[in-house]
Amino acid sequence: MTSGINEDLVLVVGATGGVGQLVVGKLLEKGVKVRTLTRNAEKANKMFDNKVEVFVGDIREANTLPAAVDEVTHIICCTGTTAFPSGRWEFDPQPNFFEWGQIFLDANYREAKAKNTPAKVDAEGVANLVAAAPQNLKRFVFVSSVGILRKDQPPFSILNAFGVLDAKQKGEQAIINSGLPYTIIRPGRLIDGPYTSYDLNTLLKATTGGKLDVVIGKGDTLAGDASRIDVAAACVESIFYSASEGQIFELVNKGTRPPTIDWEKLFSQLG
C-alpha cells in the first residue's frame, strides 16, 4: 500500500461528470488534497463547496494544461462524451434537420462541425494531458471502456459506430507509450447516479442498489453493467496500491456483494 498519500495532490480531470464527481468525493473522504480541471469554475466551486482547488482549462487545448498539472502527484482522468452524436458533441453552429444526415454518414464532416467528439476528447485530449503531465508523476489513472479489443464484435461494433472505442484505445496507447506509471480501468456500461449521460439507462435511473459484487478481469473478456460508484472507488483505491500500477483491467458488477469490497485483494489478482 502506498504511503504518504495524504501529502500528495491529485488532479481530477472531468471532475464535474458522473464518475468524476464521485472520485472527488472519495478523495476528500480520505483526506487527499484535490485539484480539478474544469471549463466552468463556478459550477465546480458550487459542486464541491469550495473544498478543492479549481483550475480552468480544457484537455482539448494544450496551452491550458501546464498550470493545472504543476506540482500534481497523481492524475485521474474521467473525461468522455457520448458515443453517438448529441448536443454534448458541441456542434457549432447547431445542425439543421438536413445536416444531421450528413453528420451520421460523414466522419470528416462530423469532426469539422463538432468540438467535443470522442476523437477530440478521448484521443487528442488525453494525449495533450499525457504530454503535459509531470515526469515524476506517481500515477496516471484513466477511465476507458470494455470492448476496446472486441470492436469488431456486437454489441461493441455498434457502440463504436462513431469511433468512441477507437478514441479510448488511442488515449490508452498515449498513456502506455508515455512511460508514466499508469492504471487503466475499463468499466462496463455505466449505471448508478450521478446521471449525466444521455441514454436509456439515464432515463430509467438504472441502479445496482448496492447488491452486486465488483468483478475485475484482464484481456477484455468481461461484459455487463458497472456502477459509477464502484468505478470511482476503483480509480481512487488504485493509487493506494502498487499492485494496480501498470495494469489494464475491466470492471463490472456481478454476483452477491460482500459486506466490504477488498480492493487490495482485487488488485493483487491482476499480477
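The values are calculated or read from the model by the stated rules, or taken from the named source; none is laboratory data. Keep in mind the model is a prediction, meaning the values are calculated, not measured. Backbone-built Cβ (ideal geometry, glycine too); neighbour counts: all protein chains shown. Remember, those area values only see protein heavy atoms, side chains included, never the ligands or the DNA or RNA. Shrake-Rupley method; radii C 1.70, N 1.55, O 1.52, S 1.80 Å.
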**OP:** Largest first and in whole Å, give the semi-axes of the chain's equivalent ellipsoid, each being the square root of 5 times a Cα gyration tensor eigenvalue.
**Re:** 27, 23, 18
Original post:
Remind me, relative contact order of the chain in percent, using alpha carbon pairs under 8 angstrom and six or more residues apart?
Top reply: 19
Subject >> When region 214-271 is reduced to its Cα atoms, the Kirkwood hydrodynamic radius in Å >> reply: 11.7
**OP:** Using a 1.4 angstrom probe on heavy atoms only, work out the carbon and sulfur share of the accessible area of the chain in %.
**Re:** 53
Subject >> Cα-Cα over 19 Å, subset of Lys33/Lys138; Lys26/Lys51; Lys120/Lys168; Lys26/Lys218 >> reply: Lys26/Lys218
Original post:
How big, in percent, is the set of alpha carbon pairs in region 136-271 lying more than 21 Å apart?
Top reply: 42
Subject >> Most positive-pole-ward Cα, Phe140, Phe240, Leu212, against dipole of the chain from beta carbon charges >> reply: Leu212
Original post:
Between Asn50 and Asn96, what length comes free when the chain is fully extended (0.36 nm per residue of separation minus the Cα-Cα distance, one decimal in nm)?
Top reply: 12.6 nm
Original post:
Which value, in debye to the nearest 20, gives the size of the charge dipole of the chain about its Cα centre, when Lys and Arg are +1 and Asp and Glu are -1 at the Cβ?
Top reply: 380
Subject >> Accessible area expressed per residue, region 1-81, with surrounding protein chains retained (probe 1.4 Å, Å²) >> reply: 46
